[in-house]
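To start, the structure itself, in structure tokens.
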Amino acid sequence: MYFLRSLKYFAAMCVLCAALMALMLLTGTSVLSPAETLHAMIHTPRFLTLLGALVVLAALYPRFGFVRRKVEGDVELDRTQIVNAFKSAGFSLREETDGVLRFRADGFLHRLLLLFEDEIAVSQHGQWILLDGIRRGVARVEYRLDSYIRMTERDE
């Protein structure tokens, strides 16, 4: 799983670099021709530096790209708030097994932007609701969920 996540991130970064270079060539903001750009990338230390940076970043991505966060609450009592928080962040409940709710991103583009690593697991851990998944998704949901639970507590 770790290696696959790193590989996906590396591929995404390579596509992003290629897209940026293509955009520069198409808009005329590059001072080099396409052939000169390719030659400079392959035959200069810049290419090795860029490649090395991408490899290191991709190798570390599973460590900083995925998190576990806690929100005070109860999965069963706060289920409506959990589902609504995920819904407002662009996720839907896809599966519920053994007290674990599994949410996935809605829409192909949203899933693609999350490199198809869009599953966020929600479980109970003591007095805490545990959110486990990709950092971008978890951070958005955590903020909303905490807010939704606090608003519900005030209403009661």
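Numbers for the structure displayed
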read-out	value
For HIS125, solvent-accessible area (1.4 Å; no DNA, RNA or ligand), Å²	110
Relative contact order %, the chain, counting alpha carbon pairs below 8 Å whose residues are six or more apart	24
Probe 1.4 Å, accessible area per residue of segment 55-99, Å²	63
Heavy-atom surface of segment 111-156, accessible at 1.4 Å and reported per residue (Å²)	59
Sulfur and carbon atoms: percent of accessible area, the chain [1.4 Å]	63
Rounded if a/c under 1.5, otherwise prolate or oblate - segment 19-156, Cα gyration tensor axes	prolate
DSSP-assigned coil residues among chymotrypsin sites (Phe, Trp or Tyr not before Pro) in segment 79-120, each with at most 16 further Cβ atoms within 10 Å	PHE116
Accessible area of SER33 in the full protein assembly, 1.4 Å probe (Å², nearest 10)	50
Heavy-atom accessible area order for ARG46, ARG136, ARG150, ARG102, largest first, 1.4 Å probe	ARG46, ARG150, ARG136, ARG102
Residue-level accessible surface for GLU95, protein heavy atoms, 1.4 Å, Å²	80
Cα gyration tensor category, rounded, prolate or oblate, for segment 27-70 with a/c compared to 1.5	oblate
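The values are calculated or read from the model by the stated rules, or taken from the named source; none is laboratory data. This is a predicted model, so every value here is computed, not measured. As a convention, Cβ positions derive from the backbone with ideal geometry for all residues, glycine included, and neighbour counts pool all protein chains shown. SASA here: full protein model, heavy atoms, side chains in, ligands and nucleic acids out. Shrake-Rupley method; radii C 1.70, N 1.55, O 1.52, S 1.80 Å.
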